[in-house]
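Below is one structure, written out as structure tokens; comments come after it.
Read-outs throughout are calculated quantities, based only on the coordinates presented, and are distinct from any laboratory measurement. Remember, it's a predicted structure, so these values are computed and weren't measured experimentally. We place every Cβ from the backbone using ideal geometry, glycine too, and count neighbours over all the protein chains shown.
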Amino acid sequence: MAVSEIEALAAALKARSWMLASAESCTGGLIAAACTSLAGSSDWFERGFVTYSNAAKTEMLGVSAALMEQHGAVSAEVARAMADGALARSTARIAVAVTGIAGPTGGTPAKPVGTVWLAIARHGATTSAELLQLRGDRAAVRQQTVEHALRALNAALAAA
């Protein structure tokens, strides 16, 4: 993990007096763990939601069960709904969400192992979603997802 990405994220959030929330499925809290590995992160990291099951996505983030049934839990629509839900259920001004298939099982021809959707929600902006097609074993997919999430957050803050 590039500590510089986390330090840059911390500096950008603190400069704006913004808090961050995460909503994680396939990473199981690794984004929150990466953020809170930096001393003083309580100044800019507000909370993390680990919503591994579909029921948790609905109960904790307000993701519609019908949306998941229609598009699948690993979809742009669900990733955006997760990010929006994290923003709505926290004091954060920006949120990141990830949902994907880390493997080694669970992949399909349409959504192979390594398929991850990453979304960024920010007050006053349209929630974006990005498709990642990652390679490697379960640990590698999860680690790459965290790295992409940190870079995406930094890019979103730079554009804000």
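Counting helices only, and only those DSSP H runs with n ≥ 4, report the 222 nm mean residue ellipticity of the chain as the sum of -39,500 (n - 2.57) divided by its residues, in deg cm²/dmol to the nearest 500.
Counting only the DSSP helices, I get -13500 deg cm²/dmol.
Return the tail of the calculated pair distribution for the chain, meaning the percent of Cα-Cα pairs more than 22 Å apart.
Of all Cα-Cα pairs in the chain, 34 percent lie more than 22 Å apart.
Would you be so kind as to identify which of 76, 15, 56 lies farthest towards the positive end of the dipole of the stretch 14-104, taking Lys and Arg as +1 and Asp and Glu as -1 on Cβ and the Cα centre as origin?
Toward the positive end, the furthest listed residue is 15.
Place the peptides 52-61, 95-104 in order of packing, highest mean first, counting for every residue the other Cβ atoms within 10 Å and averaging per peptide.
Those peptides, ordered most packed to least, come out 95-104, 52-61.
How many percent of DSSP beta bridges within the chain run antiparallel, rounded to 5?
55 percent
Which residue, 129, 21, 110, has the most motion in a Gaussian network model of the chain that connects Cα atoms within less than 10 Å?
Of 129, 21, 110, the most mobile in the Gaussian network model is 110.
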